[in-house]
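*Asks:* Before we start, here is the structure in question, set down as structure tokens.
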Amino acid sequence: MSGLKEGRTDLGTVHRERVTLVVDGSHFAVDPATFTAHPNTMLGRMFGPARQHNFTRPNGKGEYELTEGISASIFQVILNFYQTGVMRCPDGVSVSELREACDYLCINFSASTVKCRDLSALLHELSNYGARRQFEGFLEELVVPAMVSCAQGGERECHIVVLADDDIVDWDEEHPPPMGEEYSQILYSSKLYRFFKYIENRDVAKTLLKERGLKNIRIGIEGYPTYKEKVKRRPGGRSEVIYNYVQRPFIQLSWEKEEGKSRHVDFQCVRSKSVPNLAVPGEGGGGGAAWGGTMPSPQVDELDRLNGPAPSQLPQTATNES
């Protein structure tokens, strides 16, 4: 393909080359210079040097197709950006779809580039964009180090509680909280605490964590014990400890790849060094069960047993399960 061309007639009229884009079945004839004036956008790159070097190719009709789910009405609004620098979103056009199209086409979606009558919808999308960018910082600075700490201890999941900077945790060593909070990772960050106050921010954070390959993600608000209020003595000498609880955000997630398999422990039946022949009844302390002259095979995992041959086809085994 050749680059941009201009030609002059005898009357001095300038004829500029036009390209046809097919979007959602609609055809748009546009001067390529309209796009190349914004070289940092996807269309600016398509019709810039990439087109000159045949990186961008038309279909058999010489048309360029955009097939990423952008509607014709959305693309008409986006053309306004290339022509005037501003996208004016009319009534009936989804602001969220416009933002998604801008993300795909690498167009800046901001209050300076988008004008919309529905301010609530516009501000919601701006908040989503700002929340994603902010949580990316929280993730690298706070959340990832907590997960790394768990992973270095051999854990496959992590439970993180977010406390405010001025929260004070003072547990009684003799009477700690009874619910296993000592296994949680604690982050002191009032900024992250305020971030999770909004359910929309929690949804944005969950989406980003899923994109990063994490699983079993739960983000919410839970009670966390801060200090002991009193101890009640029950009949029999048993103590009941009452702690003060505050409602704080939590993140629970996993990177375990075998989470769908059996978690119970199977013990193998092995030959004892003190009992050389388990097939002999009564040997090694007497009373042993007869094994029919054969050593039992090791216990297999529960899932392997379900997928293996019928029990009648397997040798008899002795198993202790926890």
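*Asks:* Within segment 88-105, how many residues are open to solvent by less than 60 Å² (accessible area, probe 1.4 Å) and either at pLDDT 95 or above or within 26 Å of the chain's Cα centre (by Cα) (or both)?
*Replies:* Residues flagged as open to solvent by less than 60 Å² (accessible area, probe 1.4 Å) and either at pLDDT 95 or above or within 26 Å of the chain's Cα centre (by Cα) (or both) within segment 88-105 amount to 8.
*Asks:* Looking only at residues in segment 1-49 that are among the small types (Gly, Ala, Ser) and surrounded by 15 or more Cβ atoms within 10 Å (Cβ to Cβ), which one is modelled with the lowest pLDDT?
*Replies:* This residue is 48.
*Asks:* Being surrounded by fewer than 16 Cβ atoms within 10 Å (Cβ to Cβ), at pLDDT below 90 and either more than 31 Å from the chain's Cα centre (by Cα) or not acidic (Asp, Glu) (or both) narrows it down to one of 83, 52, 76, so name that one.
*Replies:* Every option except 52 fails the conditions.
*Asks:* Okay, moving on. Whether any residue in segment 181-190 is open to solvent by 50 Å² or more (accessible area, probe 1.4 Å), in a helix (DSSP H, G or I) and more than 30 Å from residue 95 (Cβ to Cβ) is what I want to check.
*Replies:* Yes: one or more hits.
*Asks:* From (1) closer than 23 Å to residue 255 by Cβ; (2) of a type in the set (Phe, Trp, Tyr); (3) in a loop (DSSP other than H, G, I, E, B), pick out the condition that doesn't hold for residue 109.
*Replies:* With respect to (1) closer than 23 Å to residue 255 by Cβ; (2) of a type in the set (Phe, Trp, Tyr); (3) in a loop (DSSP other than H, G, I, E, B), residue 109 is out only on (1).
*Asks:* Filter segment 204-251 for residues that are closer than 14 Å to residue 177 by Cβ, β-branched (Val, Ile, Thr) and touching a residue at least 60 places away in the same chain (Cβ under 8 Å); which is surrounded by the fewest Cβ atoms within 10 Å (Cβ to Cβ)?
*Replies:* Going through the qualifying residues, I end up with 246.
*Asks:* Hey, any hits in segment 58-72 for a residue that's among the hydroxyl-bearing types (Ser, Thr, Tyr), over 16 Å from residue 19 (Cα atoms) and part of a helix (DSSP H, G or I)?
*Replies:* Checking segment 58-72: not a single residue is among the hydroxyl-bearing types (Ser, Thr, Tyr), over 16 Å from residue 19 (Cα atoms) and part of a helix (DSSP H, G or I).
*Asks:* Can residue 79 be described as outside any loop (DSSP other than H, G, I, E, B) and farther than 22 Å from residue 45 by Cα? Spell out the reasoning first.
*Replies:* Working: outside any loop (DSSP other than H, G, I, E, B): yes; farther than 22 Å from residue 45 by Cα: no.
Taking the combined requirement at face value, the residue does not satisfy it.
*Asks:* Would a scan of segment 207-215 turn up a residue that is assigned to a loop (DSSP other than H, G, I, E, B) and closer than 26 Å to residue 110 by Cα?
*Replies:* yes
*Asks:* Go through the residues of segment 165-179 one by one and say whether even a single one is open to solvent by less than 20 Å² (accessible area, probe 1.4 Å), touching a Ser or Thr at 6+ places or on another chain (Cβ under 8 Å) and modelled with pLDDT of 90 or more.
*Replies:* Let us first name the residues in segment 165-179 that are open to solvent by less than 20 Å² (accessible area, probe 1.4 Å), namely 177.
Now restrict to residues that are touching a Ser or Thr at 6+ places or on another chain (Cβ under 8 Å): none.
No; the residues of segment 165-179 include none that is open to solvent by less than 20 Å² (accessible area, probe 1.4 Å), touching a Ser or Thr at 6+ places or on another chain (Cβ under 8 Å) and modelled with pLDDT of 90 or more.
*Asks:* Tell me yes or no: at least one residue of segment 130-144 is surrounded by fewer than 12 Cβ atoms within 10 Å (Cβ to Cβ) and assigned to a loop (DSSP other than H, G, I, E, B).
*Replies:* No; the residues of segment 130-144 include none that is surrounded by fewer than 12 Cβ atoms within 10 Å (Cβ to Cβ) and assigned to a loop (DSSP other than H, G, I, E, B).
*Asks:* Run down 173, 200 and say which single residue is assigned to a loop (DSSP other than H, G, I, E, B) and either farther than 12 Å from residue 146 by Cβ or small (Gly, Ala, Ser) (or both). I'd like the intermediate steps shown before the answer.
*Replies:* Details: 200 fails: assigned to a loop (DSSP other than H, G, I, E, B).
Just a single option satisfies the conditions, and that option is 173.
*Asks:* Any residue that is under 22 Å from residue 212 (Cα atoms) and open to solvent by less than 20 Å² (accessible area, probe 1.4 Å) - is there at least one of those in segment 112-126?
*Replies:* Looking through segment 112-126, at least one residue is under 22 Å from residue 212 (Cα atoms) and open to solvent by less than 20 Å² (accessible area, probe 1.4 Å).
The values are calculated or read from the model by the stated rules, or taken from the named source; none is laboratory data. These numbers come from a predicted model, not from an experiment. Don't worry about glycine lacking a Cβ; one is built from the backbone with ideal geometry, like all the others, and counts go over all protein chains shown. What goes into the accessible areas is simple: the full protein's heavy atoms, side chains included, and nothing from ligands, DNA or RNA. Shrake-Rupley method; radii C 1.70, N 1.55, O 1.52, S 1.80 Å.
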